[in-house]
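Enquirer: Sharing a structure below in structure tokens format, with a few things to ask.
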Amino acid sequence: MSPSDHLAEHSPDLNPISTLRSQGHTRSISISRCPFSHRLPKCVRIVEVGPRDGLQNESHFVETSRKISLVHELVDAGLRNVEVTAFVSPRRVPQLADSSAVLSAIRKKTGVSYPVLVPNLIGFNAALAAGAEEVAIFASATEQFSQKNINCSIQQSLDRFRAVTTAARAYGVKVRAYVSCVVGCPYEGPVNPEAVADVTIALKEMGCYEISLGDTIGVGNPKSIVQMLHAVLQRGVPVSALAIHCHDTRGTALANVLAAMSVGVSVIDSSVAGLGGCPFAPGAAGNLATEDLVYMLQGMNIDIGPVDLDRLSATGRRICAYLGRESSSRVSAASHNNSKLSSCSRSAASL
Ligand SMILES: CC(C)(COP(=O)([O-])OP(=O)([O-])OC[C@H]1O[C@@H](n2cnc3c(N)ncnc32)[C@H](O)[C@@H]1OP(=O)([O-])[O-])[C@@H](O)C(=O)NCCC(=O)NCCSC(=O)C[C@@](C)(O)CC(=O)[O-]
């Protein structure tokens with residue numbers, strides 16, 4: 001039985017292509033093409049931020065052993081980039097006070113990167129001592145968010161980050177970077193894309209191999225995301241050095257990711273079960289759920305590596321059960337309710 005027949009049998013109304021075929025429409029193949037698929041990257045690298053971004057805002061302390069097993073489960077589900085924790089002030093982010101214990105206990109697999117967040121040299125040195133091979137620094141496009149988040153101006157933060165990138169180079173540690181509030185700021189409102197470009201260029205010039213552009217409070221839409229990306233690209237930052245990091249506060253994260261992909265972005269941050277949110281960004285909900293991203297990309301036949309969606313969904317459900325909350329992944333909820341339909345997207349890919 002072909003995938004389309006399988007779909008037709010189980011859910012005829014979900015499969016317009018086979019329905020049209022059965023009605024004698026021979027040109028149905030053409031509508032199976034995504035109208036902008038030629039502009040989308042063929043491969044996407046997913047950066048899973050659940051263990052760090054996902055847990056940092058949780059009020060009840062997650063046991064160190066549970067954090068470690070979450071990282072292992074995500075890697076076992078096939079993810080190849082898993083952000084593990086943050087070496088920040090334990091007074092500011094008590095949930096991640098066990099960062100050294102977590103990172104040093106991770107059973108590392110070859111071919112997997114395990115970046116950790118560091119705000120300054122203190123954090124970098126602690127991360128290095130715990131075995132970090134990749135760190136992520138994090139700046140903001142707005143002054144007020146920078147002050148609230150890391151207690152310094154944008155310029156001061158760039159000076160601190162330059163010290164980190166210099167040290168990282170000396171130790172052979174890779175450095176990724178974030179820019180927060182790329183579309184809107186909880187304290188300053190709409191953000192000028194040129195401000196995002198300024199910070200992105202500064203981070204690129206100090207040696208960050210990749211800069212992840214964060215819609216921290218999930219106010220973006222496909223148009224504002226693309227406008228922001230164009231501003232960054234027009235200033236000469238190569239698209240291969242950019243990633244996108246969308247919070248799903250208003251339900252636009254997946255659409256925003258697709259918009260970013262249509263201009264060539266091929267690295268996407270997401271969080272298992274849609275966990276997450278910055279403690280210093282009031283109103284910020286969780287990230288785009290990794291399960292939902294994987295469902296869409298696998299369904300579109302975009303290569304994301306060997307990710308097992310069922311295992312990933314199970315991981316999301318387990319951590320949510322531990323935290324005593326519902327998963328924000330729509331795919332996870334849907335496949336739980338109707339396992340027969342869970343493979344629709346994957347079947348459609350081969351039509
Ligand atoms: C950045 C600092 C450390 C500045 O820290 P500071 O400027 O020194 O001042 P502070 O009052 O904020 O903290 C001072 C205390 O932190 C200590 N300290 C100083 N540095 C470190 C360090 N690295 N590790 C551990 N301790 C450190 C320092 O020694 C001192 O200790 P105390 O005297 O109080 O005992 C602090 O403000 C901080 O930790 N802020 C938390 C930032 C954070 O984790 N935010 C959430 C992550 S960002 C995010 O979620 C957005 C992102 C990346 O996901 C993308 C997006 O969505 O946009």
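Enquirer: Before we move on, is Asp159 within 14 Å of the ligand (Cβ to nearest atom), outside any strand (DSSP E or B) and at pLDDT 95 or above? Break it down into steps so the answer makes sense when it comes.
Expert: Details: within 14 Å of the ligand (Cβ to nearest atom): yes; outside any strand (DSSP E or B): yes; at pLDDT 95 or above: yes.
When the stated conditions are applied, Asp159 passes them.
Enquirer: Now, a different point. Could you figure out which of (1) assigned to a helix (DSSP H, G or I); (2) within 12 Å of the ligand (Cβ to nearest atom); (3) among the β-branched types (Val, Ile, Thr) isn't true of Val135?
Expert: So Val135 meets the others, but not (1).
Enquirer: State whether the residues of the stretch 259-266 include one that is within 13 Å of the ligand (Cβ to nearest atom) and not aromatic (Phe, Trp, Tyr). Walk me through how you get there before you give the answer.
Expert: Looking only at the stretch 259-266, we keep the residues that are within 13 Å of the ligand (Cβ to nearest atom), and these are none.
Looking for residues that are within 13 Å of the ligand (Cβ to nearest atom) and not aromatic (Phe, Trp, Tyr), one finds none in the stretch 259-266, hence no.
Yes or no, residue by residue, for (1) more than 23 Å from the chain's Cα centre (by Cα); (2) more than 9 Å from the ligand (Cβ to nearest atom); (3) not aliphatic (A, V, I, L, M):
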site: Ser140; (1), (2), (3): no, no, yes
site: Glu143; (1), (2), (3): yes, yes, yes
site: Ser146; (1), (2), (3): no, yes, yes
site: Gln155; (1), (2), (3): yes, yes, yes
site: Ser180; (1), (2), (3): no, no, yes
site: Asp198; (1), (2), (3): no, yes, yes
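Enquirer: With respect to Ala126, is the statement that it is crowded, with 20+ Cβ neighbours inside 10 Å and within 11 Å of the ligand (Cβ to nearest atom) true?
Expert: Values: crowded, with 20+ Cβ neighbours inside 10 Å: no; within 11 Å of the ligand (Cβ to nearest atom): yes.
Against the criterion (crowded, with 20+ Cβ neighbours inside 10 Å and within 11 Å of the ligand (Cβ to nearest atom)), Ala126 does not qualify.
Enquirer: Is one or more of the residues making up the stretch 102-116 without any contact (Cβ under 8 Å) to a residue 24 or more places away in the chain, within 16 Å of the ligand (Cβ to nearest atom), farther than 22 Å from Ala321 by Cα and not aliphatic (A, V, I, L, M)? Let's see the steps before the verdict.
Expert: Of the residues in the stretch 102-116, the ones without any contact (Cβ under 8 Å) to a residue 24 or more places away in the chain are 108, 110.
With within 16 Å of the ligand (Cβ to nearest atom) added as a condition, the list becomes none.
No, the stretch 102-116 has no match at all.
Enquirer: Taking the condition of being out of contact with any helix residue (DSSP H, G or I) (no Cβ under 7 Å at 6 or more places or on another chain), farther than 19 Å from Tyr209 by Cα and not hydrophobic (A, V, I, L, M, F, W, C), how many residues in the stretch 143-170 meet it?
Expert: So the answer is 7.
The values are calculated or read from the model by the stated rules, or taken from the named source; none is laboratory data. Bear in mind the structure is a predicted one, so any value in this text is a computation, not a measurement. All Cβ positions, glycine included, derive from the backbone under ideal geometry; neighbour counts span all protein chains shown.
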